[in-house]
1. Which residues, taken from region 226-253, are in contact with a strand residue (DSSP E or B) (Cβ under 8 Å, 6 or more places away or on another chain) and part of a loop (DSSP other than H, G, I, E, B)?
2. Only residues that are closer than 17 Å to residue 20 by Cα and assigned to a strand (DSSP E or B): list them for region 137-172, please.
3. Name the single residue that is surrounded by the most Cβ atoms within 10 Å (Cβ to Cβ) among those in region 434-451 being closer than 14 Å to residue 497 by Cβ and in contact with a Gly (Cβ under 9 Å, 6 or more places away or on another chain).
4. Within region 215-225, track down each residue that is open to solvent by 40 Å² or more (accessible area, probe 1.4 Å) and either under 17 Å from residue 483 (Cβ atoms) or not in a loop (DSSP other than H, G, I, E, B) (or both).
5. Which residues, taken from region 87-132, are part of a loop (DSSP other than H, G, I, E, B), free of Cβ contacts under 8 Å to residues at least 40 places away in the same chain and open to solvent by 50 Å² or more (accessible area, probe 1.4 Å)?
6. Being in a loop (DSSP other than H, G, I, E, B) and touching a helix residue (DSSP H, G or I) at 6+ places or on another chain (Cβ under 8 Å) is true for just one of 335, 341. Which residue is that?
7. Somewhere in region 76-86, is a residue surrounded by fewer than 22 Cβ atoms within 10 Å (Cβ to Cβ), touching a Pro at 6+ places or on another chain (Cβ under 9 Å), over 15 Å from residue 122 (Cα atoms) and among the polar types (S, T, N, Q)?
8. Looking at the structure I just gave you, is residue 297 free of Cβ contacts under 8 Å to residues at least 40 places away in the same chain, out of contact with any Ser or Thr (no Cβ under 7 Å at 6 or more places or on another chain) and not aromatic (Phe, Trp, Tyr)?
Amino acid sequence: LYFVYWLNLLKSNLMKIFTAEQIREIDAETIRLEPITSSGLMERAANIAFIRIKEKIGGKKKINVFAGPGNNGGDGLVIGRLLHNESYQVRVFVIEAGVRHSNDHEANLQRLINAGVKPVYVTDVSCVPDIGQDEIIIDAIFGSGLNKPPSGVAAETIRKINSFGNYVISVDVPSGLFCDDNSLADHDNVIKASLTLTFQFPKLAFMFGGNSEYVEKWEILDIGLHAKSIASMAADFYYLETGDLRKILRTRRKFDHKGSFGHALVIAGSYGKAGAATLAAAAALRSGAGLVTVHTPSLAVIPLQSALPEAMVSPDSGDEYITSLPDLAKFDAVGIGPGLGTDPDTRKAMTELLTSCSSPLVIDADALNILALEPQMLSLMPAKTILTPHPGEFRRLTGTDKSDYQLIMIQKEFAVRNNCIVVLKGSCTSIAQPDGSIFFNSTGNPGMATGGSGDVLTGMITALLAQGYPPEQAAIAGVYLHGLAGDLALRIHSVESLIAGDIIMNIGRAFMEVMFNQFNLYL
């Protein structure tokens, strides 16, 4: 019950990710409760976007604003007026998409004209002239209210904007992209934004790699939506930031000793893959486990002890594969999978582990592949086991070929049905909890797409479990610190050169950054 309370308390302070319908409800509540008119809220949001646009573009470059017929277009019209009032060279294009303009759009169109800007009404794509490469494009054609793929002149205009290759700033959402599920989107008719200035909340679509072509970078602009409405609105999705981790990590006391921080067991390695076991064990040590033992095939013992003298080794009776288990009673947490292989004897050992392990458990890599080969083992998993698949492993595990939004929904259902935690690794790693909530990670970079990076994460989460962090906390903290360590490594290395060992060497800096904001002490 305590951890249910803790998880709910954490959620109440996290950045929520709402659906498009929920955002409309919060907008309406803000207008009703603040109180403020819808036009006033539009003016406020557009002013905040205008200030950030000025900061991004610097000098007085030529700017082209494309405004659609709805309230996102109204935001664009306000931005165009404000830019004009500060002597920017602005052209405003109003897309006549064959639908009625919203009332706030009409009001701001008149204000724009009164300010001295004569808009170009785009009834055909030929109305859009060529735009110089050094000019900026502001995309305010469609926002979070989009309910069907663009068509007609709007779709043609989007394709033409993309063909220019200019720097494009999208207001709230790249036009043509749905906030949530984009399985029915027409991907030829979505703005490829260089920067998206999104209002108040990140959008779920921003978390998916399949949309990265359209959402290259994004920033959240706080437009002052009603705080109590946000707090009272339930959400299934959350976005992790540094401050959230400070509520999780513990400080050590003066008289603590190695026994205070648990004994982690890493079951890993096979012939030719002693490195995977070494990486996982090294990450566990760097993440604070008091003791780390690696159970590994006998041929991996010498390489592992030579590379990592701080770890203890439990030699398996098998030379090349794990065939049995050590006594599990003395271990506080177990991680299994890195470099394990899927030999039949290893599968038997894993079955024994699932039926006899009473400690918190992390399952990764080949251990996940064994689950995919032996799906009946899923019912043997202890409650709140942490699984850490990449998308390919998860598809094998679930037998699905879905991607992005649908895959997240399957991840959520899988975690609930199996009472486990699923860490689906990727550019915005998602952590599905047994209650159906999903946390998206904000740290990490493409340099971490390298062999051994997942083994490091397994070691980190196992170490946190060994120290007594409950599985819900260990998964969240491990994922965030893993990504942050990779980000700190990138201060020294390039994305091309970063390797798993660099992540390990920056785990300590990641802890310092989260807990004390002092990573610079080590650079």
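The values are calculated or read from the model by the stated rules, or taken from the named source; none is laboratory data. Since the model is a prediction, treat every value here as computed from it, not as a measurement. Here the Cβ positions follow ideal geometry from the backbone for every residue, glycine too, while neighbour counts run over all protein chains shown. Please note that ligands, DNA and RNA were not included when accessible areas were found on the heavy atoms of the full protein model with its side chains. Shrake-Rupley method; radii C 1.70, N 1.55, O 1.52, S 1.80 Å.
1. The answer is 233, 235, 236, 240, 241.
2. Those that are closer than 17 Å to residue 20 by Cα and assigned to a strand (DSSP E or B): 140, 170, 171.
3. 448
4. Hits for region 215-225 are 217, 218, 219, 220.
5. Correct list: 87, 89, 99, 100, 116, 118, 123, 124, 130.
6. 341
7. No, every residue in region 76-86 fails to be surrounded by fewer than 22 Cβ atoms within 10 Å (Cβ to Cβ), touching a Pro at 6+ places or on another chain (Cβ under 9 Å), over 15 Å from residue 122 (Cα atoms) and among the polar types (S, T, N, Q).
8. no
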